[in-house]
1. In the range 296-314, how many are buried (at least 19 other Cβ atoms within 10 Å of the Cβ) and in contact with a strand residue (DSSP E or B) (Cβ under 6 Å, 6 or more places away or on another chain)?
2. Looking only at residues that are of a type in the set (S, T, Y) and under 13 Å from A305 (Cα atoms) in the range 319-339, which one is surrounded by the most Cβ atoms within 10 Å (Cβ to Cβ)?
3. From the residues in the range 210-241 that are polar (S, T, N, Q) and in a loop (DSSP other than H, G, I, E, B), which one is modelled with the lowest pLDDT?
4. In the range 305-313, is there at least one residue being under 16 Å from the mean Cα position of the chain (by Cα) and hydrophobic (A, V, I, L, M, F, W, C)?
5. Of the residues that sit in the range 340-374 and are in contact (Cβ under 8 Å) with a residue 24 or more places away in the chain and surrounded by fewer than 13 Cβ atoms within 10 Å (Cβ to Cβ), which one is farthest from the chain's Cα centre (by Cα)?
6. Can you find a residue in the range 244-259 that is in contact (Cβ under 8 Å) with a residue 40 or more places away in the chain, under 25 Å from the mean Cα position of the chain (by Cα) and either farther than 21 Å from R211 by Cα or in a helix (DSSP H, G or I) (or both)?
7. In this structure, does T169 turn out to be in a strand (DSSP E or B), assigned by TED's automatic domain parsing to the domain that holds D268, of a type outside the set (D, E, K, R) and modelled with pLDDT of 95 or more?
Amino acid sequence: MHYKYDKIGVMLKYKNKTNIPEGFLFSTGEAAIKKPGRKDIALIYSKTEANIAGAFTTNRVKAAPVKLAMGKIASGKGQAIIVNSGNANACTGRKGMKDAAETVLLTAKNLKINPSLVYVCSTGVIGTPLPMEKIKAAIPILTANLGRHGLRDTASAIMTTDTFPKIITKKIKIKNRTGTMTGICKGAGMIAPNMATMLCFILTDIAVEKRTLSKALKDSVRKSFNRITIDGDMSTNDTALIMANGMLGNSEIKEHSAFYKIFKNTLDEITYGLSRLIVKDGEGATKLIAIEVNGAADEKEAEKAAFSVANSKLVKTAIYGNDSNWGRIMAALGYSGIKFNDEKVSIHLGNIKVVNKGTGTGKDADANNYLKNNSEVSILINLNKGAASAKVLTCDLTEEYIRVNAEYRT
């Protein structure tokens with residue numbers, strides 16, 4: 001099989017319909033929710049009822065669609081997801097809840113399925129009511145056009161400040177059958193841990209028991225979407241949903257099944273891969289930065305230290321300026337809140353050791369050159385205290401980030 005790659009090296013399998021999980025159909029439309037001239041509403045539909053699991057923002061301020069989804073996700077059942085971009089339907093009070101519920105009811109009616117099987121997601125500007133007349137007009141067209149659009153169309157329709165659609169598809173061998181798992185997501189700014197300003201939809205034709213599906217998703221999210229940060233701002237709409245419709249016909253995978261490990265590893269690869277794409281597309285970003293902290297007392301301390309460095313605006317701007325100012329990294333470690341001996345710390349930029357036992361090695365010029373010539377940067381920190389580690393992804397901070405967010409509502 002010949003694969004095509006896009007400009008950032010992501011495998012473009014989705015143009016081949018055989019790489020869409022069996023039984024899933026897509027539709028997109030133009031509702032002019034924020035402005036005309038672009039697809040801004042999408043429908044994902046499974047021909048059969050699927051097991052579903054979700055993870056949501058931990059922000060105390062939650063959008064209406066998030067509240068609605070959290071209320072029904074315990075059922076573990078779903079069949080359709082309707083998504084709009086351009087409007088978050090957040091901080092919209094009772095009207096927002098009514099609009100989200102009405103969207104579910106209208107979608108269910110047009111699909112002729114139970115409303116309990118329909119999930120609604122929104123992303124965009126906070127505090128503005130949904131233009132429901134436009135939404136209501138779009139729903140019958142979406143349902144009528146199911147199957148006429150694909151993954152790229154759907155991934156594009158849910159974008160806000162994203163500059164490219166984010167899609168990853170993988171195949172999984174289950175005995176003598178080959179299943180498919182595909183994930184799409186959006187997100188480029190307002191990205192902070194414990195989810196981000198992101199929507200993520202993962203679809204598979206593999207049969208997975210609903211409790212196992214939920215546990216697997218939450219663990220994957222913990223190690224991927226919960227370990228990325230662009231600007232330290234947490235959204236009100238963050239949602240990750242996974243649907244497994246079982247149309248492959250395999251025996252339902254449970255946590256202790258023979259094929260659970262390969263299923264979970266594939267899910268981890270997809271969520272981590274999508275996380276990388278989100279950070280790579282950070283608003284105005286020119287560099288993806290992977291920060292790994294080793295030698296910590298426990299994983300929680302390693303994660304805390306890594307996030308302290310990742311969220312440092314001084315570190316992020318230094319990387320943008322190709323300046324290996326490792327003193328900023330040391331300072332961020334120092335205020336992270338963890339206990340360590342700074343005289344035992346080592347820091348590498350790529351394979352260049354810039355700090356040894358808490359002091360510089362005199363290789364700043366080499367490190368500057370490394371930053372200048374790489375769009376993907378690794379910062380490896382060893383606290384030399386214990387055996388635990390954690391990795392966090394972030395990006396540099398540029399003038400373009402300010403422009404994008406200054407003009408977001410205009």
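1. So the count comes out to 8.
2. Narrowing the range 319-339 to residues of a type in the set (S, T, Y): 320, 324, 335-336.
After this cut, where a residue has to be under 13 Å from A305 (Cα atoms) as well, the list is 335-336.
Working: Y335: 9, S336: 20.
Per the criteria, the residue is S336.
3. S235
4. No, the conditions are met nowhere in the range 305-313.
5. N341
6. So far as the range 244-259 goes, no, none of its residues is in contact (Cβ under 8 Å) with a residue 40 or more places away in the chain, under 25 Å from the mean Cα position of the chain (by Cα) and either farther than 21 Å from R211 by Cα or in a helix (DSSP H, G or I) (or both).
7. Spelling it out, T169 is indeed in a strand (DSSP E or B), assigned by TED's automatic domain parsing to the domain that holds D268, of a type outside the set (D, E, K, R) and modelled with pLDDT of 95 or more.
The values are calculated or read from the model by the stated rules, or taken from the named source; none is laboratory data. Keep in mind it's a predicted model, so treat the numbers as computed, not measured. Using ideal geometry, Cβ is built from the backbone for each residue, glycine included, and neighbour counts are taken over all protein chains shown.
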